[in-house]
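Derivation of every value follows stated rules applied to the coordinates shown; laboratory data play no part. These figures come from a predicted structure and were not determined experimentally. All Cβ positions, even for glycine, are placed from backbone atoms using ideal geometry, and neighbour counts span all protein chains on display.
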Amino acid sequence: DYGLSEADPEVSTIIDKEKNRQFRSLELIASENFTSRAVMEAVGSCLTNKYSEGLPGKRYYGGNEYIDELEILCQERSLAAFNLDGKEWGVNVQPLSGSPANFEVYTAILSPHDRIMGLDLPHGGHLSHGFMTAKRRVSGTSIYFESMPYRLDESTGLVDYDMLEKTATLFRPKLIIAGASAYPRDFDYPRMRKIADAVGAFLMMDMAHISGLVSASVVANPFEYCDIVTTTTHKSLRGPRGGMIFFKKDPVLGVDLESAINNAVFPGLQGGPHNHTIGGLAVSLKHAQSPEALASRLMELGYKLVSGGSDNHLVLVDLRPLGIDGARVEKILDMASITLNKNSVPGDKSALVPGGIRIGSPAMTTRGFGENEFISVADFIHEGVQITLDAKKSFTGSKLQDFTKLVTSPSFPLINRVWD
Ligand code: PLP
């Protein structure tokens, strides 16, 4: 039995190159993090070999005594991480990732064509919350259910709860989804609870981005108001790639969430759990810090932040006042080993060339960054934006592809001015 470098030098070399990329770059993608060596050890362990369809004590395969022990430990730690050690909440730790976890909830509590409302993707929501365009139902959620997204008030960059309330009263959704992929503020859970109650809807929070912050009690607590809470495990929570669903144990709107959700996970949508992931998840559960210093330095430098600041682990910068877009800035910063992503900001027309960038702090917090380091990060980003503005002056075309070709060509003088 050979190790990877001997058994498969090709894959081994690719992993080494990726490791080096991760090591040398400033990782500012808000949905990413660096897991610990201990988590990776569990993920790379013999747990991956075992089939264990079903739940602890009720498996469809033999030989699961240790897997049962592991899954119960993981459930206990997950509940404890969110102060849910009482009897009120249960958890399923088997979802393979965030999108499957969400679809499992929908499968559990909705019938095909039931109505749902989540935050629109161009306004910061996630695909799996029902994204569709005027031309196409993009996400499976919008194919199987009827989706009417709510949006931000474009003048404040905050969720337009008044409009959500009005629309919900007319649309009468069965499920309202809180949570986002690119929203720098807390959700107003009490307000959303009120709206959900008024129309007889379930209230779910997808806390994928902020679960580490919820666990550290530095943002509002969705468990106080929601019926169901889903999360990925690999973002601010710093675990392996996976998902979890937390549910109220008492019936809600006449539905026994515990059995509906457990059945939707298996046998509804999944087969054997990924036990190596469950092992890694049990090892993880650490916390991330808020990027306040980054946000205030960017504002000092004159940047416009969507919603005017941040309550959590990410900031959204609106670059449109500078006359540039997020795609070009992402490209230039990538060349300097600073990875973040272009992002739509309210009022944007194109998702491919959107007007903003999203900057997240979890990964670099894990690597020990504090206030001073994040101030320097803001300065680096500012430098990248200046370089992008210079590049734009010497390039009169509008196509991103051509711009990218220009700035990445060895003869382009700017390449030499990006710091190393
Ligand atoms: N929910 C939210 C809010 C997310 O931001 C994401 C991913 O970025 C997901 C769900 C989906 O997670 P996954 O990529 O693991 O399917």
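Looking across segment 247-268 at every residue that is closer than 15 Å to Ser111 by Cα and touching a residue at least 24 places away in the same chain (Cβ under 8 Å), the one that is surrounded by the fewest Cβ atoms within 10 Å (Cβ to Cβ) is identified as Leu253. Scanning segment 224-246 for residues that are under 16 Å from Cys74 (Cα atoms) and either surrounded by fewer than 24 Cβ atoms within 10 Å (Cβ to Cβ) or in contact with a Lys or Arg (Cβ under 8 Å, 6 or more places away or on another chain) (or both) returns Thr232, Thr233, His234, Leu237, Arg238, Pro240, Arg241.
If we scan segment 98-115, do we find a residue that is of a type in the set (Asp, Glu), out of contact with any strand residue (DSSP E or B) (no Cβ under 7 Å at 6 or more places or on another chain) and within 16 Å of the ligand (Cβ to nearest atom)? Checked segment 98-115: no residue is of a type in the set (Asp, Glu), out of contact with any strand residue (DSSP E or B) (no Cβ under 7 Å at 6 or more places or on another chain) and within 16 Å of the ligand (Cβ to nearest atom). Being in contact with an Asp or Glu (Cβ under 9 Å, 6 or more places away or on another chain) and closer than 30 Å to Leu316 by Cβ is a description that does not apply to Pro100.
Looking only at segment 1-59, count every residue that is farther than 30 Å from Gly370 by Cα, touching a residue at least 24 places away in the same chain (Cβ under 8 Å) and either touching a Leu at 6+ places or on another chain (Cβ under 9 Å) or not in a helix (DSSP H, G or I) (or both) and tell me the total. Looking only at that region, the number is 9. For segment 181-205, a residue qualifies if it is under 20 Å from Ser111 (Cα atoms) and surrounded by 22 or more Cβ atoms within 10 Å (Cβ to Cβ), and the qualifying residues are Ala196, Ala201, Phe202, Leu203, Met204, Met205.
Within segment 305-324, does at least one residue satisfy the condition of being basic (Lys, Arg) and touching a helix residue (DSSP H, G or I) at 6+ places or on another chain (Cβ under 7 Å)? So that I can check it myself, show each step before the final result.
If we filter segment 305-324 for residues that are basic (Lys, Arg), which is where we start, we get 320.
Next, only the ones that are touching a helix residue (DSSP H, G or I) at 6+ places or on another chain (Cβ under 7 Å) stay: none.
Within segment 305-324, none of the residues are basic (Lys, Arg) and touching a helix residue (DSSP H, G or I) at 6+ places or on another chain (Cβ under 7 Å).
Determine if segment 265-282 includes at least one residue that is more than 18 Å from Val91 (Cβ to Cβ) and under 18 Å from the mean Cα position of the chain (by Cα). No - not one qualifying residue is present in segment 265-282. Looking only at segment 155-199, which residues are part of a loop (DSSP other than H, G, I, E, B) and within 16 Å of the ligand (Cβ to nearest atom)? Once the filter is applied, which keeps residues that are part of a loop (DSSP other than H, G, I, E, B) and within 16 Å of the ligand (Cβ to nearest atom), segment 155-199 yields Gly179, Ala180, Ser181, Ala182, Tyr183, Pro184, Arg185, Asp186, Phe187.
Just one of Gly140, Gly130, Gly125 is touching a residue at least 12 places away in the same chain (Cβ under 8 Å) and within 11 Å of the ligand (Cβ to nearest atom); which is it? Talk me through it step by step, then tell me what you get.
On the way: Gly140 fails: within 11 Å of the ligand (Cβ to nearest atom); Gly130 fails: within 11 Å of the ligand (Cβ to nearest atom).
When all the criteria are applied, what remains is Gly125.
Residues that are surrounded by fewer than 23 Cβ atoms within 10 Å (Cβ to Cβ) and under 23 Å from Val255 (Cα atoms) are absent from segment 118-140.
Could you tell me which residue of segment 1-47 is farthest from the chain's Cα centre (by Cα), considering only residues that are small (Gly, Ala, Ser) and within 16 Å of the ligand (Cβ to nearest atom)?
It comes out as Ala30.
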